[in-house]
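What follows is a set of notes on a single structure, which appears directly below.
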C-alpha cells in the first residue's frame, strides 16, 4: 500500500541560513540607501535647527529659522511672503500635473491600443524620448528664440496680422514656465501610464464591447481604473519634480517668479544654510504628505 509522501520540513539551521543569505543580498542596497538618502535627510534636519551669522554656522538647537520663515503670516488681512510663494509653487504644480496627465494619458492610450505593431510602438516610444537626449537647460533655452519679443512665434503672429504688436507674455511669464515644465516632464507621465496600459488584458475590452459598452464607457470604466497605478506613479514623479525645481522657473521666468525651490537656491547662495535647510524640511514634509495621499489610492507595490 502506497502512502503519500510527506514533504520534509526545513530545519531551523537551513531556514536561518536562508534568512542570513537574504540579509547579505539586501545589505549593499541598504548601505547605499542609508548613506545617500537617509543620512543626508538627517543632516538637513539637524542643520535646520542651527544658528548662523554672516561668517559661520553655529551648531546648536534653535527654532529661529522656522519662525523667520513664517514671519508675518499671523496677519490675517494679507498673505505673507512664504504663503504666497507656496501658493505660487502649488499653482504651477497643479497646472503642470493636469496638462501632463492629459497629454501622457492620450499618448499612452494611442500607443497601447491604436498602434498594433510592436515594432511601431517601440519606434514611436523612442521618438517620445528624443528630447531627453539633450540637457534640460538646452531644451529650455530653445524656447527663447521662439517665444521672445522678436521670436519666431511673434513674427508669425504679426506677419499674419493676428496681432498689431508683439505678445509680451509668451516669455518670462507663468505661461512660459508651465510650457517648459510640460515639455520637460510629460515623459515622466507617459512611461508609467503606458506600462500600466500594456498590462491590461485585451479580453476585458472585448468583453466590455460585447456587453454593449461604448468606447467612452470602456475607457472610463475599464481602462482608467486599470491604469490607476501608472497614473499615480506618474503623478508622483511630476509633482515631486515641479515642487523642487528652481532652474526652470529661474530661466523661463526671467528670475522674476518666486517658488520654494528658488528661495532655497537663493538662501544657499547667500550661505544661509540653516534657513535653506528649514525651508527644505517644510517642502519635503508637504511633498511626502502629497505622496502619502496619492499612495492611499492604489497599492504601488503591485505595480513595481
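A compact table of results
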{"quantity": "Residue within the range 137-158 that is surrounded by 18 or more Cβ atoms within 10 Å (Cβ to Cβ), touching a residue at least 40 places away in the same chain (Cβ under 8 Å), in a helix (DSSP H, G or I) and out of contact with any strand residue (DSSP E or B) (no Cβ under 6 Å at 6 or more places or on another chain) present", "calculated": "yes"}
{"quantity": "Some residue of the range 191-201 being free of Cβ contacts under 8 Å to residues at least 12 places away in the same chain, assigned to a helix (DSSP H, G or I) and more than 21 Å from the chain's Cα centre (by Cα)", "calculated": "no"}
{"quantity": "Residue in the range 223-232 that is touching a helix residue (DSSP H, G or I) at 6+ places or on another chain (Cβ under 8 Å), without any contact (Cβ under 8 Å) to a residue 40 or more places away in the chain, buried (at least 17 other Cβ atoms within 10 Å of the Cβ) and closer than 16 Å to residue 114 by Cα present", "calculated": "no"}
{"quantity": "Every residue from the range 244-263 that is under 21 Å from residue 285 (Cα atoms) and crowded, with 21+ Cβ neighbours inside 10 Å", "calculated": "245, 259, 260, 261, 262, 263"}
{"quantity": "Residue in the range 231-247 that is over 18 Å from the mean Cα position of the chain (by Cα) and in a helix (DSSP H, G or I) present", "calculated": "no"}
{"quantity": "Residue match in the range 104-120 (condition: touching a residue at least 60 places away in the same chain (Cβ under 8 Å), farther than 29 Å from residue 263 by Cβ and either touching a strand residue (DSSP E or B) at 6+ places or on another chain (Cβ under 8 Å) or surrounded by fewer than 17 Cβ atoms within 10 Å (Cβ to Cβ) (or both))", "calculated": "yes"}
{"quantity": "Given (1) over 18 Å from residue 283 (Cα atoms); (2) in contact (Cβ under 8 Å) with a residue 60 or more places away in the chain, index of the condition residue 44 fails", "calculated": "(1)"}
{"quantity": "Matching option when the condition is assigned to a helix (DSSP H, G or I) and closer than 26 Å to residue 255 by Cβ, among 106, 122, 100", "calculated": "100"}
{"quantity": "Close pairs from the range 165-182: first closer than 17 Å to residue 94 by Cβ, partner at pLDDT 85 or above and assigned to a loop (DSSP other than H, G, I, E, B), Cβ under 6 Å, at least 6 apart", "calculated": "175/169; 177/253"}
{"quantity": "Single residue of the range 170-190 satisfying the filter (part of a loop (DSSP other than H, G, I, E, B) and touching a helix residue (DSSP H, G or I) at 6+ places or on another chain (Cβ under 6 Å)) that is farthest from residue 144 (Cα to Cα)", "calculated": "170"}
{"quantity": "Conditions (1) closer than 30 Å to residue 260 by Cα; (2) surrounded by fewer than 16 Cβ atoms within 10 Å (Cβ to Cβ); number of the one not met by residue 238", "calculated": "(2)"}
{"quantity": "Of residues in the range 47-80 being without any contact (Cβ under 8 Å) to a residue 60 or more places away in the chain and outside any loop (DSSP other than H, G, I, E, B), the one nearest to residue 242 (Cα to Cα)", "calculated": "67"}
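The values are calculated or read from the model by the stated rules, or taken from the named source; none is laboratory data. Since this is a predicted model, take the numbers as computed values, not measurements. All Cβ positions, even for glycine, are placed from backbone atoms using ideal geometry, and neighbour counts span all protein chains on display.
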